[in-house]
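Coordinate-derived values only; no laboratory data. Here the structure is a predicted model, which means the values were calculated and not measured. Note that we place each Cβ from the backbone using ideal geometry, even for glycine, and neighbour counts take in every protein chain shown.
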Amino acid sequence: MDDLLRFLRIPSISADPAFAGEVRKAADFVRSWLERAGLENAQLIDSQEAGAHPIVYADWTHAPGQPTLLLYGHYDVQPPDPIEEWISPPFEPSIRNGNIYARGAADDKGQLFMLMESVAESLRKNGGHLPINVKFLIEGEEESGGRHIDRFVMENAPALSADAAVICDTAMFAPEIPSITTGLRGIVYGEIAVEGAAHDLHSGDYGGAAPNALEAVAQIVSSLKSREGKILIPGFYDRVQPPSAAEIDAWSRLPFDPEQFRENEVGSPALTGELGFDVLTRIWARPTLEVHGIRGGYTGEGAKTVIPATASAKISLRLVPDQIPNEIATQIASAIAAACPKGVTARFNLMHSAPPCLIDPNNPFLTKAAEAMEHVFGKSTAYIRCGGSIPIVSLFKQKLGIPSVLLGFGLPDDQIHAPNEKLCISNYLRGIASLIEYYTLLSNPR
Ligand code: BES
Ligand code: ZN
């Protein structure tokens, strides 16, 4: 626990270049921790490119004839803003009511530590041996869409060969319901950049004749989605596949109350989204478009009468199977061009993307994980999807030919990416126990 708290104190914010040194510290921490735990070949892998964060690799492969697991996690975290809303500071972990509060507590340092600790503990109890083979692959760019790891995986596929990847970076459906995630949404993230006049203008002198870049951003953004939540980009829904009959049936039996979800998790007067789809379908199996930030004009104290010459908006689209990120990026660029009003230019600058992905729930590596969690939690495992993205999962499938077992121990109210992120300590302990049990169940009798 002390080690985890030390790890959580490192502000490894990958999106902000000012924290690059801290990101590296977190990588070093993981590498040396794994080495001390008895893992071999523990190393940092640096990309030559500017702005890249190191990958941590380590393995233990002395169980011939036993399966090999590729254990993936990320040591980077989201920015902690808005800082003033944290009850205790984001990088000073605080334990309250059985939870650890800190940025990264659940996403993903705490959950990555479950993988690390499960292997360390398994080595300790088995006299320096493991029932299976493991290869750790841990990155520091997951939260910021940096994709240096993709190249590394593609160029080192033989060295990374494994039977399955194991990832603890998702959440349980509800407290006490062990869960395996079998679907992730993909993403296309980019910026709409608008330019109008040569420079900012006095709104009295020029208002009525000069284009307003900020207004243009608002017009473009609002043209992309209807008030009923339908995305208005031509061709956008063409490849969308509905969830399978088995999924629809399983989801209908999950204990889910949209009203409680609205009240306890969202906290808004009403839920929004596409007409004609229930909430779980909307967040798991339908594509979306969100605006994350709009920049431009005057937002400081007091009033200023200005016509902004430039403005921009950060947006992302979450994709579902079988949508293709590049195709969607092209469609959105055309939709932006088509919606661009007179007097300004608008461009879509793609920042990062990842494909959506489904994982076969009948794969024995998943069913064994479900069994391990059932032994620890004493409850049957739910198969769910997740609306978020873990970009590496589709690459593991395509380039390494392996399924990813997404067994997550976060909770729906862990506030990941938000102030007061937390991790439930009993889930932390049961997560470690489940993983140790999983390794045992996977090992073939000799
Ligand atoms: N751990 C999350 C994925 C996740 C989100 C799992 C919600 C369960 C519930 C992951 O670290 C994450 O946030 N990924 C980013 C990826 C993006 C920046 C490419 C995401 O989904 O926004
Ligand atoms: Zn994560």
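Comparing His129, Tyr101, Val119 along the charge dipole axis of the range 68-203, the residue lying farthest to the positive side is His129, per the Cβ-charge model. Counting only Cβ charges, +1 for Lys and Arg and -1 for Asp and Glu, the dipole size of the range 27-84 around its Cα centre is about 300 debye.
Distance from the Cα centroid of the range 169-205 to that of the range 72-135 is 25 Å (rounded to whole angstrom). When both bridge partners sit in the range 40-178, DSSP labels roughly 55% of those beta bridges antiparallel.
With N the number of residues in the range 188-329, Rg(Cα) / (2.2 N^0.38 Å) evaluates to 1.36. Max-minus-min Cα coordinates of the range 61-199 on each principal axis give 68, 44, 26 Å, with the largest extent listed first. Quick one: grab the alpha carbon gyration tensor of the range 86-141, order the square roots of its eigenvalues as a ≥ b ≥ c, and give me rounded if a/c is under 1.5, else prolate or oblate depending on whether a/b is larger than b/c. Oblate, because a/c is 1.5 or more while a/b does not exceed b/c. Taken about its Cα centre, the range 71-121 carries a charge dipole of about 120 debye when Lys and Arg each add +1 at the Cβ and Asp and Glu each add -1 at the Cβ. Residues whose amide H lies under 5 Å from that of Gly408, counting only those 5 or more places away or on a different chain, are Thr170, Ser179, Thr181; hydrogens are built 1.01 Å from N in the peptide plane. Neighbours of Leu184 by Cβ distance under 12 Å: Lys/Arg scored +1, Asp/Glu scored -1, total +3.
Placing unit charges on the Cβ atoms of the charged side chains and taking the dipole of the chain about its Cα centre, the candidate lying farthest along the positive direction among Leu184, Ser161, Ser47 is Ser161.
What base-10 log of the normalised intensity I(q)/I(0) is obtained for the range 139-189 from the Debye formula, alpha carbons as equal point scatterers, at q = 0.21, 0.25 Å⁻¹? Log10 of I(q)/I(0), two decimals: -1.05, -1.16.
Rounded to the nearest angstrom and listed largest first, the equivalent-ellipsoid semi-axes of the chain from its Cα gyration tensor are 40, 24, 21.
Positive end of the dipole of the range 326-446 (Cβ unit charges, origin at the Cα centre): among Tyr438, Phe377, Ile328, the Cα lying farthest that way belongs to Ile328. In plain terms, if you count all Cα to Cα distances in the range 306-446 and split them into 5 Å steps from zero, the share in each step is 2, 7, 13, 14, 15, 13, 11, 8, 6, 5, 3, 3, 1, 0, 0, 0 percent.
Among 87-96, 310-319, 19-28, sorting by the average number of other beta carbon atoms lying within 10 angstrom of each residue, highest first, gives 310-319, 19-28, 87-96. The translational diffusion coefficient of the range 1-139, from Stokes-Einstein at 37 °C and 0.692 mPa s with a Kirkwood hydrodynamic radius over alpha carbon pairs, comes to 208 µm²/s. For the range 90-95, the Karplus equation 6.51 cos²θ - 1.76 cosθ + 1.60, evaluated at θ = phi - 60°, returns couplings of x, 10, 10, x, 10, 9 Hz by residue, with Gly and Pro reported as x.
Between Ala50 and Asp249, the simple spin-label model (points 7 angstrom out along Cα→Cβ) gives 5.7 nm. Computed from point charges on the beta carbon alone (+1 for Lys and Arg, -1 for Asp and Glu), the dipole magnitude for the chain about its Cα centre is near 520 Debye. Other residues with beta-carbon under 13 Å from the beta-carbon of Leu442 carry, at +1 per Lys or Arg and -1 per Asp or Glu, a net charge of -2. Highest-first packing order for the peptide set 235-241, 32-38 is 32-38, 235-241, based on the mean count of other beta carbon atoms within 10 Å.
With helices as the sole contributors, the chain gives -9000 deg cm²/dmol at 222 nm; each DSSP H run of n ≥ 4 counts as -39500 (n - 2.57), and the sum is divided by every residue. Take every Cα pair under 8 Å whose residues are at least 6 apart in sequence, average their separation, divide by the length of the chain, and the relative contact order is 26 percent.
Simple spin-label estimate for Met1 and Arg295 gives 4.2 nm between the two label positions (7 Å along the Cα-to-Cβ direction from each Cα). Expressed to the nearest 5 percent, the antiparallel share of DSSP beta bridges inside the chain is 70 percent.
Among Ile248, Ile132, Ile324, the largest mean-square fluctuation in a Gaussian network model of the chain, built with springs joining Cα atoms closer than 10 Å, belongs to Ile248. Less than 18 Å from a label point 7 Å out along the Cα-to-Cβ axis of Ala15: which backbone N atoms in the range 111-144 qualify, by residue? Within reach of a label on Ala15: 140-144. My understanding is that a pair violates if its Cα-Cα distance is over 30 Å; which of Lys135/Lys422; Lys225/Lys422; Lys314/Lys342 do that in this structure? Among Lys135/Lys422; Lys225/Lys422; Lys314/Lys342, the Cα-Cα distance tops 30 Å for Lys225/Lys422.
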